[in-house]
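Participant: Right, I'll just put the structure down here and ask away after.
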Amino acid sequence: MSHIALVTGAGQGLGQHFCASLLRAGYSVAITDLNLEAAQACAHQLDPGGERTLALQLDAGSKADFEAGLDQVLARFGALNVVVNNAAVTKTTPLMQISPEEFDAVVGLNLRSVFLGCQVLGAYMAETGYGRIINMASLAGQNGGTATGAHYAASKGGIVTLTKIFAKEFAARGVTVNAIAPGPIESAAVRAAIPVERLPGLLANIPVQRLGDADFLGDLIVQLARPDAYFTTGATWDVNGGLFMR
Ligand SMILES: NC(=O)c1ccc[n+]([C@@H]2O[C@H](COP(=O)([O-])OP(=O)(O)OC[C@H]3O[C@@H](n4cnc5c(N)ncnc54)[C@H](O)[C@@H]3O)[C@@H](O)[C@H]2O)c1
């Protein structure tokens with residue numbers, strides 16, 4: 001079994017940690033982002049010699065970009081086994097101030113990127129008889145969110161649903177599809193969304209009283225990517241410090 005992964009939106013933030021975890025676990029990784037320079041910088045930082053990384057510009061809202069990205073990964077590494085649909089736009093606009101255009105832009109990109117990643121790359125992996133897809137959802141998609149906007153939260157709820165639908169579609173062909181729903185993780189996006197004076201209040205509301213750890217999420221991705229993770233599919237894995245208990 002080859003170990004080839006592709007991560008979307010990996011030029012900054014959690015995506016970088018996920019690429020680092022996959023590289024540590026022995027994967028070769030296509031580090032993709034809308035921002036090519038950020039993807040290249042991430043690849044250079046994680047793999048200065050470039051032996052096990054491929055930086056690609058991939059607009060996760062574009063089916064043509066997923067198709068071209070797949071071709072480039074196959075040309076470079078010869079296979080693709082693991083996909084992390086991580087790209088998203090995070091907005092915190094108050095509910096009653098969200099314009100129709102901003103609503104469409106956030107929901108459109110966040111849902112469409114997971115839809116296309118599962119459809120295009122999932123179809124390829126299903127043909128090979130093996131694959132692992134991990135979609136980044138969010139606690140916001142389960143409880144409506146705390147700091148993030150309604151459009152973001154609604155899109156993340158939709159990702160949980162898409163995960164189940166694609167999991168059923170691919171289940172008999174060796175491809176699992178799972179989602180991870182993190183609460184607030186120590187990351188630039190959370191620091192940007194939460195003004196520093198609101199941070200103590202946020203932490204006080206988290207039962208474990210700490211932000212989550214990005215590298216733990218990366219290790220969870222590696223676990224879900226293992227061949228012997230075949231029995232978990234269509235699931236949403238909660239990593240939220242106790243903020244939401246089923
Ligand atoms: N940070 C958190 O605490 C947290 C919590 C819950 C869920 N998440 C989810 O984890 C994922 C990563 O979050 P993050 O904090 O690293 O976000 P981030 O905003 O720091 O990074 C998002 C990345 O996606 C890229 N991107 C944006 N639009 C794109 C497009 N059209 N095509 C390709 N790439 C695009 C950006 O360039 C950026 O590199 C997201 O799906 C987010 O919703 C994060």
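Participant: Would you confirm, using the coordinates I've provided, whether residue 73 is under 16 Å from the mean Cα position of the chain (by Cα) and modelled with pLDDT of 95 or more? Walk me through it before giving the result.
Facilitator: Details: under 16 Å from the mean Cα position of the chain (by Cα): no; modelled with pLDDT of 95 or more: yes.
For residue 73, the condition - under 16 Å from the mean Cα position of the chain (by Cα) and modelled with pLDDT of 95 or more - is not met.
Participant: Got a sec? Which helices (runs of 4 or more DSSP H) wholly within the stretch 82-200 have at least 2 residues that are within 16 Å of the ligand (Cβ to nearest atom) and surrounded by fewer than 23 Cβ atoms within 10 Å (Cβ to Cβ)? Spell out the reasoning first.
Facilitator: On the way: elements: 100-116, 122-128, 140-143, 150-170, 188-193.
Helices (runs of 4 or more DSSP H) meeting the threshold: 100-116, 140-143, 150-170, 188-193.
Participant: One residue is enough: does the stretch 31-39 have a residue meeting the conditions of a type outside the set (Val, Ile, Thr), modelled with pLDDT of 95 or more, buried (at least 19 other Cβ atoms within 10 Å of the Cβ) and under 15 Å from residue 221 (Cβ atoms)? Step through it out loud before you land on a result.
Facilitator: Quick first cut of the stretch 31-39, residues of a type outside the set (Val, Ile, Thr) only: 33-39.
In the following step, the residues that additionally are modelled with pLDDT of 95 or more were identified as 33-39.
Subset that is buried (at least 19 other Cβ atoms within 10 Å of the Cβ): 33-34, 38-39.
With under 15 Å from residue 221 (Cβ atoms) added as a condition, the list becomes none.
Checked against the condition, which is being of a type outside the set (Val, Ile, Thr), modelled with pLDDT of 95 or more, buried (at least 19 other Cβ atoms within 10 Å of the Cβ) and under 15 Å from residue 221 (Cβ atoms), the stretch 31-39 yields no hits at all.
Participant: Inside the stretch 1-59, can you point out the residues that are within 10 Å of the ligand (Cβ to nearest atom), assigned to a loop (DSSP other than H, G, I, E, B) and hydroxyl-bearing (Ser, Thr, Tyr)?
Facilitator: The one that is within 10 Å of the ligand (Cβ to nearest atom), assigned to a loop (DSSP other than H, G, I, E, B) and hydroxyl-bearing (Ser, Thr, Tyr): 8.
Participant: Given the options 193, 181, 188, name the one that is aliphatic (A, V, I, L, M) and more than 16 Å from residue 240 (Cβ to Cβ). Before you say what the answer is, go through the steps one by one.
Facilitator: Working: 193 fails: more than 16 Å from residue 240 (Cβ to Cβ); 181 fails: more than 16 Å from residue 240 (Cβ to Cβ).
None of the others qualify; the one that does is 188.
Participant: Is it fair to say residue 228 is away from the ligand (no atom under 15 Å from the Cβ), part of a helix (DSSP H, G or I), more than 20 Å from residue 93 (Cβ to Cβ) and among the charged types (D, E, K, R)? Walk me through how you get there before you give the answer.
Facilitator: Details: away from the ligand (no atom under 15 Å from the Cβ): yes; part of a helix (DSSP H, G or I): yes; more than 20 Å from residue 93 (Cβ to Cβ): yes; among the charged types (D, E, K, R): yes.
So residue 228 passes the test.
Participant: Regarding residue 71, is this residue in a helix (DSSP H, G or I), of a type in the set (D, E, K, R) and within 15 Å of the ligand (Cβ to nearest atom)?
Facilitator: Working: in a helix (DSSP H, G or I): yes; of a type in the set (D, E, K, R): yes; within 15 Å of the ligand (Cβ to nearest atom): no.
So residue 71 fails the test.
Participant: Which ones in the stretch 201-225 are closer than 18 Å to residue 84 by Cα and either in a helix (DSSP H, G or I) or within 12 Å of the ligand (Cβ to nearest atom) (or both)? Lay out the reasoning, then the answer.
Facilitator: Taking the stretch 201-225 as the starting set, the residues that turn out to be closer than 18 Å to residue 84 by Cα are 213-225.
Those that are closer than 18 Å to residue 84 by Cα and either in a helix (DSSP H, G or I) or within 12 Å of the ligand (Cβ to nearest atom) (or both): 213, 214, 215, 216, 217, 218, 219, 220, 221, 222, 223, 224.
Residue-wise test of (1) small (Gly, Ala, Ser); (2) surrounded by 15 or more Cβ atoms within 10 Å (Cβ to Cβ).
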| position | (1), (2) |
| --- | --- |
| 202 | no, yes |
| 207 | no, no |
| 213 | no, yes |
| 218 | yes, yes |
| 221 | no, yes |
| 225 | yes, yes |
| 231 | no, no |
| 235 | yes, yes |
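The values are calculated or read from the model by the stated rules, or taken from the named source; none is laboratory data. None of these values were measured; they are calculated from a predicted model. Note: ideal-geometry Cβ built from the backbone for every residue, glycine included; neighbour counts use all protein chains shown.
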